[in-house]
Amino acid sequence: MNKQPSLRTERLILRPFGLSDANDVRRLAGERAIASVTLNIPYPYEEGMAEEWISGHQESFEKRETANFAIVRIEKEILIGAIGLMLTQEDQRAELGYWIGRPYWNNGYCTEAAKTVLRYGFIRLNLNKIHASHFKRNSASGRVMRKIGMSHEGCQKQHVKKWEFFQDLELYGILRRDYQAEQFSKKTDKDNS
């Protein structure tokens, strides 16, 4: 059995979800404000949905299909959101997805977690590209993508339907070579200061 690792940042632990997280997932992801800006989170978030979602994580990780992490604040060990990679192994790429519970917005947690997951994807999973998308009306998600070094790759007009409304998707991506060049540049700048 291939066990999913935990990752650590300055303020966060990114760890595999456990069934004990189900109530917090349902409470946080179940808010209409979260569901309205994500493609795959249902509303209402009904009893049993979180348990079903969490139950499939380990098998999906073992098959190298996904790597889903609970975002937990180190201080008080509070679950605040989720972040993950949906892997396409034959193309050495993954789609990054995330959500943060509304009480924890505007604290930089998503950017902090996303930087760590990028590093994990490129270094540990040997990916060539990581991409992400957001509804055009969810500009906060786009800011996270830009902060972690992703480039805007285009817009797919009315590409998906959420709650009977067609949504434009803004597309972002970053290649391993660009990620490595940015990391090298940061290290060089730090060494020269």
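The values are calculated or read from the model by the stated rules, or taken from the named source; none is laboratory data. Note that this is a predicted model, so its numbers are computed, not measured. Using ideal geometry, Cβ is built from the backbone for each residue, glycine included, and neighbour counts are taken over all protein chains shown.
Looking at residue 186 and the list (1) free of Cβ contacts under 8 Å to residues at least 24 places away in the same chain; (2) among the basic types (Lys, Arg); (3) over 28 Å from residue 5 (Cβ atoms), which single condition is not satisfied?
(3)
Which residues, counting only those in segment 131-150, are of a type outside the set (Lys, Arg) and farther than 19 Å from residue 108 by Cα?
131, 135
Going through segment 70-110 one residue at a time, which ones are of a type in the set (A, V, I, L, M) and either modelled with pLDDT under 95 or within 19 Å of residue 50 (Cβ to Cβ) (or both)?
Correct list: 70, 71, 72, 78, 79, 80, 82, 83, 86, 100.
Just the residues that are within 14 Å of the chain's Cα centre (by Cα), outside any strand (DSSP E or B) and either farther than 20 Å from residue 144 by Cα or free of Cβ contacts under 8 Å to residues at least 60 places away in the same chain (or both), please, taken from segment 71-118.
The answer is 108, 110, 111, 114.
Would you point out the residue of segment 46-68, among those that are in a helix (DSSP H, G or I) and hydroxyl-bearing (Ser, Thr, Tyr), that is surrounded by the most Cβ atoms within 10 Å (Cβ to Cβ)?
60
Which of the residues belonging to segment 163-181 are surrounded by fewer than 17 Cβ atoms within 10 Å (Cβ to Cβ), within 16 Å of residue 37 (Cβ to Cβ) and of a type in the set (D, E, K, R)?
Within segment 163-181, 164, 168 qualify.
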